[in-house]
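Worksheet for the structure shown next.
All of the numbers you see were taken from the coordinates with simple rules; none came from a lab. None of these values were measured; they are calculated from a predicted model. Glycine gets a Cβ as well: all are built from the backbone with ideal geometry, and neighbour counts include every protein chain shown.
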Amino acid sequence: MSNRRSRQSSNAPRISDDQMIDLVGKLRHLLPEISERRRSDKVSASKVLQETCNYIRKLHREVDNLSDRLSQLLDSVDEDSHEAAVIRSLLM
Amino acid sequence: MQPTSSMKEEFLKKWQMGLEIVRPSIDNTNVSERKKAIKLSADVAMASLRKGTTCWSRALIQKSATEDNFLVRQVLSGIKAETLINKKLTKKVVCHRKIVRRSKKISRRKSRSASEEAAAKAKRIVKKRTQGLRSVVPGGEFMSNDVLLLQETLDYIVSLQTQVNVMRSIVDAAEAEIER
């Protein structure tokens with residue numbers, strides 16, 4: 001007698017195993033750290049999700065940092081200088 | 001799945017367009033205002049690449065519109081700017097703690113084997129991680145379907161990589177120019 005307990009989730013439908021495996025596999029390829037590990041390693045779904053979160057936060061910080069650098073750059077350059085002209089042509 | 005050169009090109013064009021529009025915020029203000037303007041135009045450029053086809057980009061557009069409505073309209077012009085800015089996002093996903101606690105209590109009454117326990121615990125952790133993901137993906141709180149969340153995440157990451165890639169090239173080039 002099989003005791004299949006089907007749990008009713010109160011909110012969103014759970015991911016089916018196949019879909020999860022597929023999407024998690026795709027995420028793996030995007031994440032720099034995990035894709036470096038050996039292919040044969042089984043990476044748990046929760047680990048991939050965690051790495052994904054961390055990666056996204058890292059990308060956010062990079063954008064922030066780059067915006068900062070650019071802002072400082074524009075500050076340091078004299079309005080009428082040759083450098084300013086070159087930078088403006090890069091940006092606008 | 002990687003940032004393609006056409007994505008990068010388009011991002012650069014849109015970003016440049018945006019920077020031109022926020023020029024007053026760049027030319028005449030302090031460093032932090034300038035940084036905000038630069039970042040905002042980069043985000044609008046990134047979101048506009050998807051032409052309103054993804055949930056995260058729509059959420060980002062709406063958020064950016066609250067900071068600079070004019071900028072968003074200009075960069076999106078031709079992509080139904082009006083609808084995208086004003087369209088209501090669907091209901092927020094709220095985790096009712098009481099309901100979750102009650103359903104956990106009910107399932108605990110049945111006796112569980114060790115493997116069932118482990119499976120249940122794993123599911124809980126996955127649930128926690130997906131909630132974490134919802135908090136970093138724009139509009140995540142509106143994605144009730146976990147499959148949708150993961151698909152959106154994939155697309156969002158590729159877009160972020162595009163954004164970072166192009167911004168980095170520009171900033172590196174600009175810094176090199178200064179050092180000459």
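Please identify the DSSP H helices in chain B that span no less than 18 Å along the helix axis (Cα) and have a mean Kyte-Doolittle hydropathy of 1.0 or more. For chain B, where a helix must reach 18 Å along its axis and average at least 1.0, there are no hits.
Annotation: Cα Rg of the stretch A:51-92 relative to the compact-globule expectation 2.2 N^0.38 Å equals 1.58. Could you sort out which of A:Lys47/B:Lys128; A:Lys58/B:Lys127; A:Lys47/B:Lys127 sit more than 18 Å apart by Cα distance in this structure? Pairs exceeding the cut-off: A:Lys58/B:Lys127. Across chain B, C-alpha contacts under 8 Å between residues 6 or more apart give a mean separation that, scaled by the residue count, equals a relative contact order of 28 percent.
Near A:Leu49, once Lys and Arg are set to +1 and Asp and Glu to -1 for all other residues with Cβ below 12 Å from its Cβ, the sum equals +4.
Length gained on full extension, A:His60 to A:His82, computed as 0.36 nm times the residue gap minus the Cα-Cα distance: 4.7 nm.
The Cβ shell under 13 Å around B:Leu49 holds other residues with a net charge of +2, Lys and Arg each +1, Asp and Glu each -1.
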